[in-house]
Amino acid sequence: MKRSVVILLGILFGCSVAAAGVPGVRTEWGVVAGVYYPAAKFSMGDSAAKLKCNAGVAAGMHMGLRIVGILGIQPEILYYYNKMTIDDPKANFTTEIKCNTVQVPLLVSLKLGLVRLNAGPVFTLVDNPAYLDRKGEKVLFGRLYPTVSYAAGVSCCLFNHLLIDARVGSGFKSVENCLSYDAAVEGEYIKTMMFNAQLKVGVLF
C-alpha cells in the first residue's frame with residue numbers, strides 16, 4: 001500500500017512539473033482535511049445483525065490542472081477512517097468495524113467564477129475493514145467500495161488559497177461482505193452498497 005501511494009504521488013508531482021511549463025496551463029497543489037459521512041444499504045439475507053455506519057475523518061492531497069479556460073482536471077489522493085457497528089442481539093454479539101480506505105478521485109472540474117463543479121471516477125487503492133470476533137481474533141469484513149466508483153460535488157476557492165469542498169459519492173454496484181463471529185468458522189455473506197458525503201477544507205499553494 002505504501003509503495004503504491006509513493007508511486008502515485010511521484011506520478012502526480014511529475015505531471016504537475018511537466019504541466020507547469022505548458023503555456024496556458026495553471027497548476028495548483030494543496031492539502032485538505034474534513035469530515036466523512038458514510039451510509040450504506042445492506043442486503044442482510046438471513047442474518048439478524050444490524051449494521052450502522054459512523055461518521056469519520058478524511059485527509060489528503062489535492063492537485064489541479066486548469067487546462068482550457070474554465071475546464072480542468074482535479075486528481076487527488078484521499079485517506080478515510082471511520083467505524084461501523086455490528087449489533088446482533090440474536091447471537092448476543094456487538095463489535096466495531098474499523099475502516100481504512102485510500103481512494104484516488106480523478107475529477108473533471110468546471111470553474112464558474114469562485115465556484116467549481118466537480119465530477120468523475122474514483123479509484124479505490126486500499127479498502128480493508130476488519131473487526132474482532134468473540135475470541136479477539138481479527139476478521140476481514142471485505143471491501144466496502146468496488147475498484148471504480150464515482151463522486152460529484154461543488155467547491156470554491158477563496159482568497160486564492162482557501163479551498164472548501166463538498167461532495168457525494170457511491171459505488172456503481174454492491175460488494176460482498178462476510179459476517180463471522182468466530183474467525184475459524186465461515187460466516188454469513190451479505191451485500192453492501194456504499195454512499196458517502198464529505199465536507200473538506202484545504203489550503204492551496
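Please treat every number below as a calculation from the coordinates, not as lab data. Computed from a predicted model, the values in this text were never measured in an experiment. Reconstructed Cβ throughout: ideal geometry from the backbone, glycine too, with neighbour counts over all protein chains shown.
Between G30 and H62, F205, the built amide H atoms are under 5 Å apart, and every one of these is 5 or more places off in sequence or on another chain. Here the label points at C156 and I70, each 7 Å from Cα along the C-beta direction, are separated by 1.6 nm in the simple model.
Can you list the chymotrypsin sites (Phe, Trp or Tyr not before Pro) in segment 94-201 that are in a DSSP coil and have 15 or fewer other beta carbons within 10 angstrom? The partial results should precede the final answer.
Values: sites: F123, Y131, F141, Y150, F159, F172, Y181, Y189, F195; in loops: F141, F159, F172, Y181.
Hits after loop and neighbour filter: F159, F172.
Size of the dipole of segment 2-204 about the Cα centre, Lys and Arg at +1 and Asp and Glu at -1 on the beta carbon, nothing else charged, in debye to 20?
On the way: 20 positive and 14 negative charges, 103 e Å.
In total the dipole reaches around 500 debye.
When the Cα atoms of the chain are aligned to their principal axes, the ranges along those axes come out at 64, 32, 25 Å in descending order. Note that segment 40-54 has calculated 3J(HN,Hα) couplings of 8, 10, 9, 9, 8, x, 8, 6, 8, 5, 10, 10, 10, 8, 10 Hz, one per residue in order, obtained from phi through the Karplus relation 6.51 cos²θ - 1.76 cosθ + 1.60 (θ = phi - 60°); glycine and proline are x.
What FRET efficiency comes out for K135 versus V203 if R0 is 35 angstrom and r is the Cβ-Cβ distance? Round to the nearest 0.05. Don't skip to the end; give the middle numbers.
On the way: r = 45 Å, r/R0 = 1.30.
My answer for the efficiency is 0.15.
Which aspartates and glutamates have a Cα less than 18 Å from the Cα of K173, not counting those fewer than 8 places away in the same chain? Candidates past the 8-residue exclusion: D127. Helix 2-20 and the longest principal axis of the Cα set of the chain meet at an angle near 20°.
Is segment 110-182 best put as rounded, prolate or oblate by its Cα gyration tensor, with a ≥ b ≥ c the root eigenvalues, rounded for a/c under 1.5, and otherwise prolate when a/b is larger than b/c, oblate when not? List each step's numbers first, then the result.
Working: a/c = 4.73, a/b = 2.54, b/c = 1.86.
Prolate, because a/c is 1.5 or more and a/b exceeds b/c.
Near L71: Cβ cut-off under 11 Å, other residues only, Lys/Arg at +1 and Asp/Glu at -1. The net charge is +3.
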